[in-house]
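Input: one structure, supplied below.
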Amino acid sequence: NESSISPRSLFYITAPVVSIEKIGFDGNRSAYTSGLNAGIIASYATVNITDCFIQNEVNGIALNSSNYCRISNNLLSGNVNGIQMNESKFCTISGNTAVDCEYGYSDYTNAKFNTLSANTAYNCDRGVQVSGNAKNNTLTGNVCLRGNGASGDYNSTQFTILLATTCS
């Protein structure tokens, strides 16, 4: 029973400072559909995640109340969320590639003072989404593209960047 698994991830990080580099793995998204299913979950931690390949998870990388994290040069493929942040602050997300994910990069509830730069979301339904009281985040130099980028490559629920929060 999936509900008895909370959370299910390859790495569930709660240590104060952790670095993960140069790993690759393929999850089992079809068997574990909960939002708690992730390749890497960091909760109340400071993490450096670099040069990893994570595919077929609900969340490739999930940062929950994790501050001063650096997530760079990772390939995230076939996940629901490539990288998701909740209540995380002062994180730098740069040089990552999300392919065939529903959400490439998501800043949600109270994610503040984060920088998303030079990331690519290719064939994701939603490239970058900032919502849920996320404030003071910086987005620069990100590329979001479906197909060839023509209007016919998108439907009414797909977008490249969505800012669905009050800006301050």
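The values are calculated or read from the model by the stated rules, or taken from the named source; none is laboratory data. Being a predicted model, the structure only gives us computed values, none of them experimental. So basically every Cβ, Gly included, is an ideal-geometry build from the backbone, and we count neighbours across all protein chains shown. Only protein heavy atoms, including side chains, enter the accessible area calculation; ligands, DNA and RNA are left aside. Shrake-Rupley method; radii C 1.70, N 1.55, O 1.52, S 1.80 Å.
Is segment 30-48 home to any residue that is free of Cβ contacts under 8 Å to residues at least 24 places away in the same chain, open to solvent by 40 Å² or more (accessible area, probe 1.4 Å) and not small (Gly, Ala, Ser)?
Checked segment 30-48: no residue is free of Cβ contacts under 8 Å to residues at least 24 places away in the same chain, open to solvent by 40 Å² or more (accessible area, probe 1.4 Å) and not small (Gly, Ala, Ser).
A further question follows. What about Leu145, is it touching a residue at least 12 places away in the same chain (Cβ under 8 Å), of a type in the set (A, V, I, L, M, F, W, C) and open to solvent by 10 Å² or more (accessible area, probe 1.4 Å)? Outline the logic, then answer.
Details: touching a residue at least 12 places away in the same chain (Cβ under 8 Å): yes; of a type in the set (A, V, I, L, M, F, W, C): yes; open to solvent by 10 Å² or more (accessible area, probe 1.4 Å): yes.
Criteria met by Leu145.
Could you say whether any residue in segment 114-129 is under 21 Å from Ala45 (Cα atoms), in a loop (DSSP other than H, G, I, E, B) and not acidic (Asp, Glu)?
Looking only at segment 114-129, we keep the residues that are under 21 Å from Ala45 (Cα atoms), and these are 114-116.
Now drop any that are not in a loop (DSSP other than H, G, I, E, B), which leaves 114.
From what's left, not acidic (Asp, Glu): 114.
So far as segment 114-129 goes, yes, one or more of its residues are under 21 Å from Ala45 (Cα atoms), in a loop (DSSP other than H, G, I, E, B) and not acidic (Asp, Glu).
Which residues, taken from segment 1-42, are at pLDDT below 65, among the polar types (S, T, N, Q) and closer than 17 Å to Asn81 by Cα?
Thr33, Ser34, listed by residue number.
Now, a different point. Counting only residues that are over 15 Å from Tyr68 (Cα atoms) and surrounded by fewer than 24 Cβ atoms within 10 Å (Cβ to Cβ), which one in segment 85-116 is nearest to the chain's Cα centre (by Cα)? Give the derivation first.
Keep residues of segment 85-116 that are over 15 Å from Tyr68 (Cα atoms), which gives 95-106, 108-109.
Among the residues that remain, those that are also surrounded by fewer than 24 Cβ atoms within 10 Å (Cβ to Cβ) are: 95, 97, 99-100, 102-103, 108-109.
Details: Gly95: 12, Thr97: 10, Val99: 12, Asp100: 13, Glu102: 10, Tyr103: 7, Tyr108: 10, Thr109: 14 Å.
Only one residue tops the list, namely Tyr103.
Check segment 37-49 and report whether any residue there is in contact with a helix residue (DSSP H, G or I) (Cβ under 9 Å, 6 or more places away or on another chain) and within 16 Å of Tyr12 (Cα to Cα).
Of the residues in segment 37-49, the ones in contact with a helix residue (DSSP H, G or I) (Cβ under 9 Å, 6 or more places away or on another chain) are 37.
If we keep only those that are within 16 Å of Tyr12 (Cα to Cα) too, we end up with 37.
Yes, segment 37-49 contains at least one residue that is in contact with a helix residue (DSSP H, G or I) (Cβ under 9 Å, 6 or more places away or on another chain) and within 16 Å of Tyr12 (Cα to Cα).
From Asn73, Asn123, Asn133, grab the single residue that is free of Cβ contacts under 8 Å to residues at least 24 places away in the same chain and on the phi > 0 side of the Ramachandran plot.
On the way: Asn123 fails: free of Cβ contacts under 8 Å to residues at least 24 places away in the same chain; Asn133 fails: free of Cβ contacts under 8 Å to residues at least 24 places away in the same chain.
Step by step, each of Asn73, Asn123, Asn133 is checked, and only Asn73 is free of Cβ contacts under 8 Å to residues at least 24 places away in the same chain and on the phi > 0 side of the Ramachandran plot.
Same structure, new question: Of the conditions (1) farther than 29 Å from Thr14 by Cα; (2) surrounded by fewer than 20 Cβ atoms within 10 Å (Cβ to Cβ); (3) in contact with a strand residue (DSSP E or B) (Cβ under 6 Å, 6 or more places away or on another chain), Tyr154 satisfies every one except a single condition; which number is it?
Among (1) farther than 29 Å from Thr14 by Cα; (2) surrounded by fewer than 20 Cβ atoms within 10 Å (Cβ to Cβ); (3) in contact with a strand residue (DSSP E or B) (Cβ under 6 Å, 6 or more places away or on another chain), Tyr154 violates only (3).
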